[in-house]
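Taking it in order: structure first as structure tokens, then the write-up.
The values are calculated or read from the model by the stated rules, or taken from the named source; none is laboratory data. All values reported here derive from a predicted model rather than from experimental measurement. Cβ placement follows ideal geometry from the backbone for every residue including glycine, while neighbour counts extend to all protein chains displayed. These area figures cover heavy atoms from the full protein model, side chains too; ligands, DNA and RNA do not enter into them. Shrake-Rupley method; radii C 1.70, N 1.55, O 1.52, S 1.80 Å.
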Amino acid sequence: MQLIVAVDNNWAIGNKNNLLVSIPEDHKFFRQTTMGHVVVLGRKTLAGFPNGLPLKGRTNIIVTHDPEFEAKDAIVVHSKEELLSKLAEYDSDDVFIIGGESIYNMMYEYCDTAHVTKINYSYQADKYFPNLDEMENWVITGDSDEQTYFDLEYYFYRYENKVPKPIN
């Protein structure tokens, strides 16, 4: 299982239910990486998508505690146990955890690969991703040259988890 996230210098990922910044090349990388795969996200993350609709060209699994919640063209689960059971039906290499904060916190330990866009800036934020640089079992196995979007510098990193938790 993999995850994909964009973070700032403090591993922040969002503020007031919005992304910190919108970088076209990062969005392109996200689309290319997740297209045709399974994406796992929370209800609030879904609400932030255009028209609150699931991503096209992907199997969307929405995690919510709301038993009444329904999403057209998506699978809805209501607990970590239900999610893990559903994920067991897919090849783990085809699964991407895409946010938000509570879903990342619930699932990052199960992932063997993390695609992290690091933005060289510190934003005002209220949502964070765990700092993989501080975890012994996560190692950087790939990085890009410096990228720029106007005056903003960012990098694409690949981390690998040496000891991912098994799904079952």
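List of remarks:
- Evaluated with a Cβ-only charge set (Lys, Arg +1; Asp, Glu -1), the chain carries a dipole of roughly 480 debye about its Cα centre, given to the nearest 20.
- Angle of helix 24-34 to the longest C-alpha principal axis of the chain, folded into 0 to 90 degrees and rounded to 10: 40°.
- Between GLU134, GLU68, GLU146, the GNM of the chain built on Cα springs shorter than 10 angstrom shows GLU68 fluctuating the most.
- Neighbourhood charge, 14 Å Cβ-Cβ cut-off, centred on ASN18 and excluding it, Lys, Arg +1 and Asp, Glu -1: 0
- About its Cα centre, the dipole of segment 2-68 is roughly 160 debye, where the only charges are +1 on Lys and Arg Cβ and -1 on Asp and Glu Cβ.
- Taking a ≥ b ≥ c as the square roots of the eigenvalues of the Cα gyration tensor, segment 1-72 is classed as oblate, since a/c reaches at least 1.5 and a/b does not exceed b/c.
- When the Cα positions of GLY100, PHE69, TYR90 are compared along the charge dipole of the chain, PHE69 comes out farthest toward the positive end, with charges on each C-beta of Lys, Arg, Asp and Glu.
- The simple Förster model, with R0 at 25 Å and r as the Cβ-Cβ distance, assigns ASN17 and ASN131 a FRET efficiency of 0.70.
- At most 12 other Cβ within 10 Å, DSSP loop - trypsin sites (Lys or Arg not before Pro), segment 25-60: LYS56
- Equivalent-ellipsoid semi-axes for the chain (Cα gyration tensor, √(5λ), whole Å, largest first): 24, 19, 15.
- Volume per residue of the C-alpha convex hull in segment 56-110, rounded to whole Å³: 89 Å³
- Antiparallel content of DSSP bridges confined to the chain, in %, to 5: 50 percent
- Within the accessible area of the chain (1.4 Å probe), percent carbon and sulfur: 46 percent
- Between VAL63, VAL139, VAL39, the GNM of the chain built on Cα springs shorter than 10 angstrom shows VAL139 fluctuating the most.
- Most mobile of ALA125, ALA114, ALA88 in a GNM of the chain (Cα contacts under 10 Å): ALA88
- Taking 0.36 nm per residue of separation and subtracting the Cα-Cα distance, full extension of the segment from ASP93 to THR33 would add 20.4 nm.
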